[in-house]
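Below is one structure, written out as structure tokens, with a few remarks after it.
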Amino acid sequence: MVFLPGTPSTQNLVPTEYFGTSIYAAPVMGIVISIVVFVMDYMFYNWAVKDCAKKGEYFEVSEDEEIIDINNEEVMKSLPSPIKAFLPLIILIISIFIFQKKVGIPNYAVVLSMTLTIVISIFLFNNILNIKESLSNGFSDGLNALMITSFIMGFGKVVTSSPTYQMTTQWLLGLNMSPLLLMFISINIICMITGSSLGGLEIYLNSMSKYLLETGINLEVLHRLSAIASAGLDAMPHASGVVLANSVAKTNMGDTYKYTFVSQCLIPMVGYGLAVILFKLGIV
């Protein structure tokens, strides 16, 4: 989500506050890297599935999970058509673009677009979903995410205000390191500590955005690269997203994390390196 321009992810929104950019910053770079990372992840998981099959490891259904036969015509008739299923996503993308032009403030544009999409989705899938239950679960999950984010932001404010952090920042700046390399290392270290891409990105930009602005690097490039950098070491075993994914899938961290680390840490970091190369080639 952080690679592709126009996505409503918070990591794509945060840089707009510091660089005055839009969520469509560095479109060519973002689209190219998104495709490359997708292909790399696809190839890796194809290899992983085949490797597991060789070891005799296959998908296991939990006791409380329901198996649906997709070849059953009655089952397929109860599902929405592909066009209807993709319509909310299409509406979201188009409305973000329109509101971005009309409102001008990325945060407001995304909120308005998502609100519009949710309302339309309620009418589209009213006969399929339990709307009351869906809204209740949505509010509950949203509140949990908000609380976690608030805790991380509070932690970040405390860290950036400490003398040790200020001394470390000054020491890093004194190394005369490439600004893009410094950004990559710093954001990933903070992401690793907090277990959050949003936390790492927010904490770093809150203290280092002024320095980045003084480098003279294209602001759209800074936006896209900082967002991409936050997708590196954020997927640590203690990250809430990783823990939640294992909880939902009813899997063991010890069995799944090696795949998570490659697809969610290593490959995105390779993507950052490729994005820097595109920038050096003038492809933005």
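The values are calculated or read from the model by the stated rules, or taken from the named source; none is laboratory data. Fair warning: this is a prediction, and the values are worked out from it, not measured in the lab. Don't worry about glycine lacking a Cβ; one is built from the backbone with ideal geometry, like all the others, and counts go over all protein chains shown.
Scanning the range 22-81 for residues that are outside any loop (DSSP other than H, G, I, E, B), of a type in the set (Asp, Glu) and under 24 Å from Val248 (Cα atoms) gives Asp41, Asp51.
Filtered by the rule that a residue be of a type in the set (A, V, I, L, M) and modelled with pLDDT of 95 or more, the range 165-181 gives Leu180, Leu181.
Each residue in the range 30-66 was checked for being among the hydroxyl-bearing types (Ser, Thr, Tyr) and either in contact with a helix residue (DSSP H, G or I) (Cβ under 8 Å, 6 or more places away or on another chain) or at positive phi (or both), and 2 pass.
If you check Ser113, Ser150, Ser140 for being in a helix (DSSP H, G or I), in contact (Cβ under 8 Å) with a residue 12 or more places away in the chain and among the small types (Gly, Ala, Ser), only one passes: Ser113.
Those helices (runs of 4 or more DSSP H) of the range 223-280 in which at least 3 residues are in contact with a Pro (Cβ under 9 Å, 6 or more places away or on another chain) and more than 18 Å from Asn12 (Cβ to Cβ), considering only elements entirely within it, cover 253-261. The residue that is surrounded by the fewest Cβ atoms within 10 Å (Cβ to Cβ), among those in the range 251-271 that are over 27 Å from Leu213 (Cβ atoms) and among the small types (Gly, Ala, Ser), is Gly254. None of Val221, Val248, Val242 is crowded, with 17+ Cβ neighbours inside 10 Å and farther than 14 Å from Tyr18 by Cα except Val242.
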